[in-house]
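A short worksheet on the structure shown next.
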Amino acid sequence: MIATLTLNPTIDGAAQAEVVKPMHKIRTFDEHYYPGGGGLNVARVINELGGQSYALYLAGGATGGVLQELVKQARVRAERFSISGSTRISHAIYERSTNLEFRFVPQGPEVSERDCEVVLRALQTLDCKYLVASGSLPRGLRSDIYAVVGAICQRRGIKLVLDSSGDALRHGIGGGVHLAKPSLGELETLVGRRLATAAEQETAAQAIVRDNGLDMLALTLGRDGAMLVTPEKTVMHAAPKINAQSAVGAGDSFLAAMTVRLAAGDAPEAAFLYGMAAGAATALTPGTSLCKRSDVERLYAELRARSEG
């Protein structure tokens, strides 16, 4: 089983509009709502790809009840930890006239240390092979919380997979992480400078792997593909050529797929290619929809053929 942790989940709404104009009432259509936030997205993709997930998440207020119902509808095995604040609602609006997507992502509720202590106690009895801690931190929570999670995982022999940003990533990455998955922007923030070339990106990623004792780091580069860095080597692959509809959830899908294959015993590079396929497959879907397994398998076969050729 692969467990996921989502400390700042969201109800992900998606819709389409013909034109988005300021000071006008924007009529939308084709509305959809999904359970969202890093770990919940990861859990959904794990299930889609035939894995077994168990999602731990914080939720509160009237919207927390809505999120819980959406989690049930998505058939994700989960444990909710209640908070006093209301769970946030994010929106992605696709403008048909321009083929542009507008994303509105609120900060979310304030969470107390007491709220999080309940989750940490649950982690101390969690029975899983991997824990994917993914997503931003809610307001009020200590920025080194993922380092605390990492210490628990080390004591219990659980492999920690981390995907976050800013101080949460900075503090968490040194806490016994098995796999970290920053985007290029997150890596640049982490090292404090722009990384304009592949060589600069590789050097920065290698330093982070070496200095923090990571087993591997997967750097996602959007249309430019992705880079896998381990203590032994670096591998870079170009992204599949697709007609992208939306970037929402692509990184979460990459992480979920790579973790599924690592948990199944695949070598890191094969798992990495499977992650790239899932990220691209999610970009094929509009709004907050995630990947379909058939698309993932097709794109994975293409990437494997290219890699072996």
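Here, each number is a calculation from the coordinates, and none is a lab measurement. Being a predicted model, the structure only gives us computed values, none of them experimental. Positions of Cβ are backbone-derived with ideal geometry, glycine not excepted, and every protein chain shown enters the neighbour counts.
Think of the stretch 178-309 as a dipole: +1 on every Lys or Arg Cβ, -1 on every Asp or Glu Cβ, centred on the Cα centre; then among LEU214, PRO268, GLN245, GLN245 lies furthest on the positive end. For LYS21, a cut-off of 18 angstrom between C-alpha atoms picks up these aspartates and glutamates, skipping any fewer than 8 places away in its own chain: GLU95, GLU101. Shown in residue order for the stretch 50-64 are the 3J(HN,Hα) couplings computed by the Karplus curve 6.51 cos²θ - 1.76 cosθ + 1.60 at θ = phi - 60°: x, x, 10, 10, 9, 9, 10, 8, 9, 7, x, x, 4, 6, x Hz (x for Gly and Pro).
Net charge within 9 Å of GLY275 by Cβ-Cβ distance, Lys/Arg positive one each and Asp/Glu negative one each, not counting GLY275 itself? For residues surrounding GLY275, the net value is +2.
Local charge for SER143 was computed over the other residues whose Cβ lies under 10 Å away, with Lys and Arg +1 and Asp and Glu -1, and equals 0. Projecting the Cα atoms of GLY166, GLY225, PRO138 onto the charge dipole of the stretch 2-308, computed from C-beta unit charges around the Cα centre, puts PRO138 farthest toward the positive end. Taken one residue at a time, the phi angles of the stretch 88-93 give Karplus couplings (6.51, -1.76, 1.60, θ = phi - 60°) of 6, 10, 9, 9, 10, 10 Hz. Gly and Pro are set to x.
Its residues counted as N, the chain yields a C-alpha radius of gyration over 2.2 N^0.38 Å of 0.96. Mean residue ellipticity at 222 nm from the helices of the chain, using -39,500 (n - 2.57) per DSSP H segment of n ≥ 4 over the full residue count, to the nearest 500 deg cm²/dmol? So the helix-based figure for the chain works out to -12500 deg cm²/dmol. For LYS159, a cut-off of 13 angstrom between C-alpha atoms picks up these aspartates and glutamates, skipping any fewer than 8 places away in its own chain: ASP127, ASP215. For the stretch 263-307, the Cβ-based charge dipole about the Cα centre amounts to some 120 debye (Lys, Arg positive; Asp, Glu negative; other atoms uncharged).
Remark: the stretch 2-308 carries a charge dipole of roughly 340 debye about the Cα centre, counting +1 on each Lys and Arg Cβ and -1 on each Asp and Glu Cβ. Look at the alpha carbon pairs under 8 Å that are at least 6 residues apart: their mean separation over the length of the chain gives a relative contact order of 16 percent. If you take all other residues with their beta carbon under 12 Å from the beta carbon of ARG156, and give Lys and Arg +1 and Asp and Glu -1, the sum is +2.
Beta bridges assigned by DSSP with both partners in the chain are antiparallel in approximately 35 percent of cases.
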